[in-house]
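Reviewing the structure listed below.
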Amino acid sequence: MVCKMVNKFIVLITSLFALLGVSSLNIQSEAELVSFINENISVMKDAYFDEFGIEWDVSEFRDYKVLYDIDDNGYAYIIRFDKGYLVVGEDLNLVELNTTEVSPIIDYTAKTYLFGNSYYKKVDGGFIPNSVNTPERGSIAGEAVFDEDVYHIYEDIDDETFPNFTVLVSLADDLEDNDGNFGEYSIYTRYQGSTTDCGPQAGINMVYTYDFSGLTNLAKSNNSDDELDSMREEMDWTTEGQSFPLGISFVGTWPGDFMSDLSSYMGDDYYLEETSAYINETPAIGLYYNLNVAGTAHYSLIIGKAQSDAWWIFKNNWDILSTHRENYNHLYGEIGTKKLGYPSYKFVKSSFRQGTYALYERNYPKWYQVWIPYGDVVIK
C-alpha cells in the first residue's frame, strides 16, 4: 500500500510540472522526486505570482504525507515546503493552500485522516483531532445559519468569480450536467428560513426526494409540515434547544443524533450511515462546517458535483446542494406542483463537508431465498 501511494504521488507531482512544459525525466524514486521538485520550484512560484500578484517566499520542498478517508483509503496529500504547504487530492482538488504557516498537523508521525478540511488520527477505534483547528469528531453544531461566504446561489455563478465552472454530476431530473445529461431523482426541498432545524429539514428533504423518485415510501403523509413536526420530535429539536448539565444548551442537531434519529423515523427497513465520500450515484446528506466563518454548520441534501479552476492547474471541487428555499408549491403543508427553475439549488466547496450520510436499505432475504446473500445496499 505504501509503495502504491508513493507511485501515485510521483505521478501527481510530475503531471503538475509536465503540464507546464517541465520534463520529469522518468522519475523512479522519492529521492529523484525531491531533486526534481526543488530544481523546478521556481515554476510553482511563478505560477503563484501570476495568479495572485504576491511573491511566495518558498525555496525548498520538505516532505509529503498521505491523508486517508474514513475507510482507510489514501486519497489526498499534504505537501510541505520550507514556508507554507499544499493539501491536494489525487484528482487535483485543491483543499488548502497556505504560503506562510507550518503544517496544520500536530502529530505528523501519526496516520492522518482528512474529513473535509479537518485532520484526525485514530485512537482506540475512534477519531480525535490532529490539529488545533480541527473540531472534536461528532461535536460540530448543526445550527443551520446561512452564510453567503460559504453557500452560493446557483443562479449567481459567473465565470469571473468561478472560472470554468462545470457540472460534473447531476442527480436532479431538472438540472443538466456538462454532457447534457439530466439526473434521475425528483429533488424535494422545503423552505427553511432562519430556523436552526437544519437536521430535521435535511431529513425531510431526503425522505420526500426518495419517495418522489419512486424508490421508497418513507413519508407517512403528503403534508410536509406534519412530517417535519415528526422529524423534529424524533431529533428532540425545539425552538428553545436542548439543555445539558453545567448550563450548556444547544439548538441544533449533533451528528450522532442526526444519524440515529433519522434512521428511527424511517423504520426497520432503512437507515442512515456515514460513508467515506460523496456517492456520485445517489443523493446523500452532507454536514458542512467552516472554522473561519461562524455559524456555518449545516446539514444539506447533496444533489450533484461541480468543479472550477482554482490555481495553477489545481481545481476547486463543489457540492451542489438543495437547501433553504422551497422548490415545490405548498398549501397548508400539502405538497403541490414543482416550481420552475432552481430556487433551492446552491453550491459549496466540497472541502467544507465534514460528514457524508447515505441512505441504506436492509437486505433481509426470505427464509427460502438461500441463493440471495445477506448485505445492506445503498438506495439508488
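All of the numbers you see were taken from the coordinates with simple rules; none came from a lab. Predicted, not measured: the structure shown is a model, and the values here were computed from it. We place every Cβ from the backbone using ideal geometry, glycine too, and count neighbours over all the protein chains shown.
Here are the numbers for the structure shown:
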| quantity | calculated |
| --- | --- |
| 3J(HN,Hα) from dihedral phi, the range 226-234, Karplus parametrisation 6.51/-1.76/1.60, rounded to Hz, x for glycine, proline | 5, 5, 5, 4, 5, 5, 4, 5, 4 |
| Placed amide H near Tyr270: partners under 5 Å, 5+ positions off or other chain | Arg362 |
| Inter-label distance, nm, simple model (7 Å from Cα along the C-beta direction), Glu155/Asp69 | 3.4 nm |
| Eligible aspartates and glutamates near Lys122 by straight Cα distance, threshold 13 Å, same-chain separation 8 or greater | Asp69, Asp71, Asp72, Asp107, Glu136 |
| Linear extension gain, Ser260 paired with Thr337, 0.36 nm per residue minus alpha-carbon span | 24.6 nm |
| Expected-Rg normalisation [2.2 N^0.38 Å, Cα atoms] applied to the range 53-105 | 1.19 |
| Length added when fully stretched, Tyr108-Glu96, from 0.36 nm per residue minus Cα-Cα | 2.6 nm |
| Nonlocal amide H pairs with Ala284, under 5 Å, H built at 1.01 Å | Ile302 |
| Within the range 2-129, percent of DSSP bridges classed antiparallel, to nearest 5 | 90 percent |
| Distance violations [Cα-Cα > 23 Å] among Lys111/Lys305; Lys83/Lys305; Lys8/Lys346; Lys45/Lys83; Lys315/Lys346 | Lys111/Lys305; Lys83/Lys305; Lys8/Lys346 |
| Debye-sum result for the range 2-129 in log10 I(q)/I(0), which assumes one identical scatterer on each alpha carbon, at q = 0.14, 0.17 Å⁻¹ | -0.64, -0.93 |
| For His324, distant residues with modelled amide H under 5 Å away | Gln192 |
